[in-house]
Amino acid sequence: MTTTTLTGSRVLLPGDAGYDDARTVWNGMIDHHPRMIVRAESTDDVVTAVRTARELGLEIGVRCGGHSSVGHAVPDDGLMIDLTPLSGVRVDPAARRAWIQGGALLGVLDRATQKYGLATTAGNVSHTGVGGLTLGGGMGWLARQYGLACDNVASYTMVTAEGEVVRASRTERPELFWGLRGGGGNFGVVTEFEFVLHPVGTRTLVAEYTFPLDRVVPALKAWRDLNAEAPREATFTASIGKDDVATLGFVWVGDPERAGGLLRRFETLGRPSATSVREMSYVELQSREDTVERHSLRRYSKGHYLRQFPDEAIEAFADRGGSGPRPSVGLQAYGGAIADVPDEDAAFSHRATLFEFGTGTSWTDRAEDEVRIAAARRSAAAMAPFASGVYVNALSDEGAEGVRRAYSAEKLAKLVALKRAYDPHNVFHLNHNIQPDL
Ligand code: FAD
């Protein structure tokens, strides 16, 4: 019986000190109570936790950064494998490689690699988990130069549903390597990612042009057209916040002197009411949104991929779902190195995406739940006619229909075959699930 080794401080039961902290995740709406939390300190602990859960017939949830907006990481009455103690990182600057454990946050990776002026693609909020973000694809400010986070993983160490430890790379279990690059947490628990690093330096620039709502549509049209010519150092961004202010701009990673040409082109977008062009370090850039995106607020969000952004879509974006309280909406450009990777290379789908659309809202009073959620749904529905798919990591409560939108039919069939090989009993199902019997 493996449970004998699961004792002491590594196991938290309801009522234990630390239990409530460990089960609390980013979205303040999630209040799940696992029967047992295993704070994994090693790959062996993960093996024991998986075997124990199976012996006890408990559902498994895998927690890294805890950013799953629907709380997949925390199983109600199940066994939560809390990977957060597994957050070590080792960097070999000469080989341009980093080995990071499966429970680490993005900030750990960025800070360790930036000591050498190196980095790899990671998301835009430093308290997001390396685990969930990378397994779903991983979009960030370096993706147009170097591909998604998953395109930069050289190997994975993973614990299977049988409690076996396996490695996947281009040469070891290549079919699993393919599936782990975008297929989410469906195949096992990844305890280590080996990343390829790039000499990006430490300098970045953020340009933001603020427009009143009545001038945003023509500005967005010009912004869209300019995006087609953007250098890969630039990732175009646009948002309309709950303060009804529209901000168009770009994030530049690399020597800011080289951004001068693009800054001049932005002057042709229209008449902004304010302009902000700021240089900052890469580490600052990567944590710039940490406070806005802080823990504990109630949250609801949805997303779409857009392969095109016609004028009608711009009108719908600016309208944010019509009447009632408006949620925030945002766009982030894809293209560049993301689209260079051959489509068949990884489970991640939708490489031809032009922009990723996201809509979301945050609040504190539970009495507002219904009206807030309805507003985000309206805004997502208004953009749905222009959508070409969805990013698996942007899914919330869409269920199986969302998974079908996240992958092409061909890739989904391949993912189902892989799921049957690695997890035929669907032990890892608290995720955007690839069902083995689909
Ligand atoms: P968790 O809730 O801990 O994990 C989510 C799921 O991932 C788990 O249920 C499990 O199935 C799986 N998982 C996590 N770790 C492992 C592991 N080691 N092994 C196996 N399975 C694992 N995405 C982007 O691409 N770019 C962004 O810039 C970005 N910014 C974000 C900012 C915020 C504030 C939020 C809330 C989300 C953001 N996302 C972004 C989406 C993010 O990638 C997903 O929410 C992702 O699932 C979060 O991973 P996590 O480890 O933090 O979450």
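Here, each number is a calculation from the coordinates, and none is a lab measurement. Bear in mind that the values here come from a model prediction, so they are computed numbers and not experimental data. Virtual Cβ from ideal backbone geometry, glycine too; neighbours counted across all protein chains shown.
Which angle from 0 to 90°, rounded to the nearest 10, does the C-alpha axis of helix 409-422 make with the longest principal axis of the chain?
Between helix and principal axis, roughly 20 degrees.
Mean residue ellipticity at 222 nm from the helices of the chain, using -39,500 (n - 2.57) per DSSP H segment of n ≥ 4 over the full residue count, to the nearest 500 deg cm²/dmol?
On the way: 14 runs with 121 residues, N = 438.
It comes out at -7500 deg cm²/dmol, rounded to the nearest 500.
Given H placed 1.01 Å from N in the peptide plane, which residues other than close sequence neighbours of L105 have an amide H under 5 Å from its amide H?
Under 5 Å from the amide H of L105 lie the amide H atoms of V130, each far enough along the sequence or on another chain.
Can you work out the Karplus-derived ³J(HN,Hα) for every residue in region 227-243? Use 6.51 cos²θ - 1.76 cosθ + 1.60 with θ = phi - 60°, whole Hz, and x for glycine or proline.
Ordered by residue, 3J(HN,Hα) equals 4, 4, 9, 5, x, 5, 5, 9, 10, 6, 9, 8, 8, 10, x, 6, 7 Hz.
Report the FRET efficiency, 1/(1 + (r/R0)^6), for T275 and D345, where r is their Cβ-Cβ distance and R0 is 56 Å, rounded to 0.05. Walk me through the numbers on the way to the answer.
On the way: r = 40 Å, r/R0 = 0.71.
With R0 = 56 Å, the Cβ-Cβ based efficiency is 0.90.
Amide H of S155 versus every other amide H placed in the peptide plane: which residues, excluding those fewer than 5 positions away on the same chain, fall under 5 Å?
Under 5 Å from the amide H of S155: E194.
Show the residues, 5+ positions off or on another chain, whose built amide H is closer than 5 Å to the amide H of S388.
Hits under the 5 Å cutoff: Y305, L306, R307.
Check cross-link reach from K242 to the lysines: straight Cα distance under 23 Å, and skip same-chain residues fewer than eight apart.
K221, K302
Just to check I understand the Karplus step: with θ = phi - 60° and J = 6.51 cos²θ - 1.76 cosθ + 1.60, what whole-Hz values come out for region 156-163, glycine and proline as x?
With the stated coefficients, region 156-163 comes to 10, 10, 9, 9, 7, 5, 8, x Hz.
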